[in-house]
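For reference, the structure discussed in these notes is given below.
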Amino acid sequence: GINDGSGHRCHEHPYTGIDDAAAKRIESLSALLSGTYGVADARLITALCALGEGTAHIAVLMTNYVDHTYAGSQNASGDEQLHLDIDCDNAVFAAIRQSGVFAIAASEETPTETDTSPPSHSSSEDNVFSVGFDPLDGSSIIDANFSVGSIFGIWPGRGVLNRTGREQVAAAVSLYGPRTTLCIALPAKTTDRGRPVVFEVTLVKNRTCWELSRDAITIQPAGKVFA
């Protein structure tokens, strides 16, 4: 019931056309992070773009999955794993490994601290990140065609165990519904705005670029329903 974080696919599902547009997607999200939100750390921008790439590939998997079969295993939370869970986990791991800025990753499907640093990477903790994520939150309702998502947290240095949310340098939530969106949360220390910011981008133009769809997201102090 534990995936290995290799980034390999357990089923063959083509990412038709999605890889060809990777450079455009990365360019569009990088421009928003650096230009609009003042993220100066180029490596953090690369890290967030990697999560965007994982999101784009999961969106393709979601669109092309028809037979929602079980893998015959359970994850560490005791949930029955779909082949889709494992494929989405591998899609994120592939993007993380390709980015070259993550040293450690762990997920609900790969619940161990997995070394994702490239072979030539230095051992310094000053220029690497670690990420914890759930690649497909809500997969148990896939058959009902409800919206599902991915959840990510990024920490500086090596390791995700015994870390707190306050230590994070960024967090993100992807949502796969009528639109594919990515909400990114940045603490004040990672932007030039002097305060925390949360914004939403949407994958548009046949999944070739990210476009700002909500420039600031806040939770109202009171309300009956948050959605």
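The values are calculated or read from the model by the stated rules, or taken from the named source; none is laboratory data. Just so we're clear, the structure is a prediction, and the values are computed from it rather than from any experiment. Note that each Cβ is placed from the backbone with ideal geometry, even for glycine, and that neighbours are counted across all protein chains shown. Heads up: the accessible areas ignore ligands, DNA and RNA and are worked out on the full protein's heavy atoms, side chains in. Shrake-Rupley method; radii C 1.70, N 1.55, O 1.52, S 1.80 Å.
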Those residues of segment 110-127 that are at pLDDT below 95 and either in contact with a His (Cβ under 8 Å, 6 or more places away or on another chain) or open to solvent by less than 20 Å² (accessible area, probe 1.4 Å) (or both) come to a total of 1
Within segment 177-199, residues of a type outside the set (A, V, I, L, M) and either buried (at least 18 other Cβ atoms within 10 Å of the Cβ) or over 29 Å from Phe146 (Cβ atoms) (or both) come out as Thr180, Thr181, Pro187, Lys189, Thr190, Thr191, Asp192, Arg193, Gly194, Arg195, Pro196, Phe199
Scanning segment 200-227 residue by residue, the ones that are surrounded by fewer than 17 Cβ atoms within 10 Å (Cβ to Cβ) and not small (Gly, Ala, Ser) total 16
Scanning segment 130-176 for residues that are of a type in the set (Val, Ile, Thr) and closer than 24 Å to Ser117 by Cα, the one surrounded by the fewest Cβ atoms within 10 Å (Cβ to Cβ) turns out to be Thr164
Yes or no: segment 81-100 includes at least one residue that is in a strand (DSSP E or B), under 21 Å from Ala144 (Cβ atoms) and modelled with pLDDT under 95.
yes
Every listed condition ((1) out of contact with any Leu (no Cβ under 8 Å at 6 or more places or on another chain); (2) in a helix (DSSP H, G or I); (3) at pLDDT below 95; (4) closer than 19 Å to Gly149 by Cα) holds for Leu61 save (1)
Given the conditions (1) among the charged types (D, E, K, R); (2) at pLDDT 95 or above; (3) not in a loop (DSSP other than H, G, I, E, B), every one holds for Arg163 apart from (3)
Screening Trp210, Trp155 for residues that are part of a strand (DSSP E or B), touching a helix residue (DSSP H, G or I) at 6+ places or on another chain (Cβ under 9 Å) and under 24 Å from Glu109 (Cβ atoms) leaves only Trp155
*Report whether or not Gly17 is modelled with pLDDT of 95 or more, over 18 Å from the mean Cα position of the chain (by Cα) and of a type outside the set (D, E, K, R).*
no
Those residues of segment 198-223 which are under 20 Å from Ala22 (Cα atoms), of a type in the set (Val, Ile, Thr) and without any contact (Cβ under 8 Å) to a residue 12 or more places away in the chain amount to Val204
